[in-house]
Structure formats: structure tokens, C-alpha cells
Amino acid sequence: MARKRAVAPRYNPAAFDALARSRRESRSADDIHGFATLFHRRSPGVTFDLVVVTVGVVAGAIASVAGFGVGSLLTPTLAWQVGAKLGVAAVAIPHFIATFQRFWLLRRHVDRRVLLRFGLASAGGGLAGALAHVWLSSRALEMVFGVLLILAAIAEFTGWMTRVRWGRRAAWIAGALSGAFGGLVGNQGSIRSAALLGFDVPKESFVATATAIGLFVDCARLPVYLFTQWREIFAIWPLLVLATVGVVIGTAVGARVLTSIPRMTFRRIVAVLLLALGIHMLVASGA
């Protein structure tokens, strides 16, 4: 008589949170094995791997043109499988690599005056957001991230972000706020770009300066994630490698590919994706 094949238990993001709490009480190598076991039990295989690479390429391509996009698209994609808390922390690694790659390509166009002043405010906000991220549950982060994605999509559909003009003082506040959201849920680019419009930087410097500021935020938040969640992040290293490869390729070829797509069509597609991902995050959180 044929034996029944064992069915792996369905993955639950709460399990990652439970192990994260136990990690504070135990520093043994068993923790790494525990996270790796949870990841491999729920791993959907090749299909999701392809999704991660594809989204990484698209996100990197968008970021190479707009100055942001990696966190907005890649974070909810990864969070779909591993939960928002780990997703935000893990995506910070490919985000940092892609941002540094973009910065290196555009470094000559950076407005240093805006970078030093606006960037420091954003970095401070990023550090504060990352510290808050440590203490929030995956469910709470999913709710916050879902709301932010939906608001970003609505702002894109209505064109509000392109029409708003921030004053200098409001721009500083928006800079710190964008950094805080970056540290908290990895979504910072749209607010930062809108705030940068208040400084009236030349078009050539806009993407370069936004990229450099994003690098400031990454340098502030990434050490916090690695210090507090390195075991969980290590457990999903295959996904991080795929995501990093995707964003590096997207960043390298993005500008050439996206120039063939009409600007308004491209922005609408991104808005639809953000709206769909935001609704999914809210539904997944049980809100």
C-alpha cells in the first residue's frame, strides 16, 4: 500500500516573529536552522524565484529613471512570502547595492549642497524608522505598508505628487519623514522626490541627488536590520541573491528599455501595481 506523502505546514509570517523573539533569548546556531527550516518548508520553488528576479529587474529599471522604485515594488513582493517585517529588512540589501550602483553612474550630477542638508535629515529619519521597525510586528508593518502603497498609487493616478510644490521648511520635514518611512517599511522614494521639487534642482541632478540621499538612508537603516535580524535574513539568502541580480540588471539596462514606453503609460502601470500590492498587504494583515 502506497504511503501518503507528507504535506509541509503552510507558512505563517507569525512564525518568523515568534522565532525573532526567541532569538533575543538564545544566540545558538539552532536559530539559523529554525529560520531556514521555516523558509524551505513554505518555499514555492522556481515560480516565485522567477517572480523575484522579474520584479527586481523592473524595479531596478524604474529606479534608474525615476530615482526610486526598488523598495516600492520589491519589498511587498518578498513580503508576500516571508512577511513584512523580514521583507523590509531583507530588501534593504539589494536596495543598497542597486542604489550604490546608480549613484556611481550618476555621481557627477549630484547637488552636494542639497545632499548634505536634505540627506542628513533623511538619514536621521531612516535611523529612527529602522529602530521603530525592530519593535513592530509583521502584521502592523503590513498594514502601514499597505496604506502607504495605496496612497502612493492614488497620488500617481491623480497627479498630485507631480503638482505639489513644497516650501524649503516643509521640504526638510518631508525629507525626515521620507527617511522614517524608509527605515520603517522601506517605502521612501515618492515622498523624497516630491520634497526635492521644493529645492528646484536641475533635471540632470534630480535623479542623481535623490539616489545619493537614498544611499544616506540605507547607510543609516541597514546596520540596524543586520544587527537585529541577521539570522532571519541569512535564512532567505537565495531570494536575496536573485533579487540583487535582478535589480543590478534592471539598473544597468533600465534607461534604454524604458525609453520605448510612453511616459504616462509607464506611470499608470506602476500605479496599478502599487495599488494591487497595497490592497494585498492590507488583506494579508487582516485589516
### Task
Take Glu142, Glu156 and sort them by solvent-accessible surface of the protein heavy atoms, 1.4 Å probe, largest at the top.
Glu156, Glu142
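Where does each of Leu50, Leu222 land when they are ordered by accessible area, with a 1.4 Å probe and the largest first? The partial results should precede the final answer.
On the way: Leu50 105, Leu222 25 Å².
These residues rank, largest area first, as Leu50, Leu222.
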### Message
Need one number: the % of Cα-Cα pairs in the stretch 81-120 sitting beyond the 13 Å mark.
### Response
66 percent
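Kindly state, to the nearest 0.05, the FRET efficiency for Trp237 paired with Trp104, given R0 = 25 Å and r defined as their beta-carbon distance.
Working: r = 24 Å, r/R0 = 0.97.
E(calc), rounded to 0.05, equals 0.55.
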### Query
Looking at the P(r) of the stretch 42-164, how many percent of alpha-carbon pairs lie beyond 25 Å?
32 percent
## Note on the structure
PRE zone check, label point 7 Å out along Cα-to-Cβ of Phe227, amide N under 15 Å, scope the stretch 132-152, hits 132-135
#### Entry: Packing-based order for 52-63, 98-109, using average beta carbon neighbours within 10 Å, highest first
52-63, 98-109
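The values are calculated or read from the model by the stated rules, or taken from the named source; none is laboratory data. Keep in mind the model is a prediction, meaning the values are calculated, not measured. Positions of Cβ are backbone-derived with ideal geometry, glycine not excepted, and every protein chain shown enters the neighbour counts. For the accessible areas, the whole protein counts, side chains as well, though only heavy atoms, and no ligand, DNA or RNA atoms are used. Shrake-Rupley method; radii C 1.70, N 1.55, O 1.52, S 1.80 Å.
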